[in-house]
Amino acid sequence: MESKDLAQISEILLKHQKTVAVAESVTSGYLQFLLSNAPEAGTIFQGGITAYNCGQKAKHLAVEPIYAISRSGVGQDISTQMAKAVSRLFNAYVGVGITGFADHSDPEQGVVAYLSIAYGEQEELAVRLSSAAADFRSRQIDFAEQTLKLLAETLGTVAL
């Protein structure tokens with residue numbers, strides 16, 4: 001993990017007195033672990049939730065359950081709902097939502113993750129990530145590291 005991304009995230013959030021929270025599925029809590037190691041983590045990181053299945057995404061993050069089930073809990077609009085909901089749930093200015101397939105290749109989508117970053121109810125970034133890593137754990141780590149890199153870049157370009 002590039003510690004410069006964590007340092008940049010921390011520096012920007014501290015400067016603007018903003019906080020971040022994350023809703024994870026595909027990364028299984030790894031983003032929460034990484035953010036808890038950021039400089040001044042107790043000041044910038046509100047916390048997170050790992051909602052690994054559609055039922056938990058619906059219950060805790062207000063993801064529409066029938067639609068989520070029809071998509072196996074994975075899609076750009078689902079990650080956006082997760083990002084917005086976690087921002088509200090944790091009273092954080094920035095919400096990050098990520099969901100995807102790291103354990104197998106979905107026949108229609110492949111090994112992908114969908115990442116959304118929201119500032120309150122405003123979506124700032126929605127992207128599809130891919131990983132060429134060889135195994136499940138390596139793909140989870142890759143998706144988490146890509147997320148932090150994109151979060152650092154997004155925070156650096158958006159007026160907070």
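Nothing in this text is a laboratory measurement; each read-out follows from the coordinates by a stated rule. From a predicted model like this one, the values you see are computed outputs, not experimental measurements. Every residue, glycine as well, gets a Cβ built from its backbone with ideal geometry; the counts of neighbours run over all protein chains shown.
Couple of notes before you dig in:
- Tilt relative to the chain, helix 76-89 - C-alpha long axis, 0 to 90 degrees, to 10: 40 degrees
- Where GluC sites (Glu not before Pro) in DSSP loops with at most 11 other Cβ within 10 Å are excluded, longest remaining stretch of the chain: 3-107
- Close amide H contacts of GLY47 (hydrogens built in the peptide plane, cut-off under 5 Å, sequence separation of 5 or more or a different chain): VAL22.
- Seen from GLU11, the other residues with C-beta closer than 12 Å to its C-beta sum to a net charge of +1, counting Lys and Arg as +1 and Asp and Glu as -1.
- Label zone of LYS4 (point 7 Å out along Cα→Cβ, amide N under 20 Å): in the stretch 136-160 this covers 142-158.
- Shown here: Cα extents along the principal axes in Å, derived from the displayed model; of the candidates (i) 48, 39, 21; (ii) 49, 47, 26; (iii) 43, 33, 23, it corresponds to (iii).
- Share, in percent, of DSSP beta bridges within the stretch 3-157 that are antiparallel, nearest 5: 60 percent
- Calculated mean residue ellipticity, 222 nm, the chain: -14000 deg cm²/dmol, from DSSP H runs (n ≥ 4) at -39500 (n - 2.57) each, averaged per residue and rounded to 500.
- Between PHE101, PHE143, PHE33, the Gaussian network model of the chain with springs among Cα atoms under 10 angstrom shows the greatest mean-square fluctuation at PHE33.
- Sum of side-chain charges, PRO65 neighbourhood, beta-carbon under 12 Å (Lys, Arg +1; Asp, Glu -1): +2
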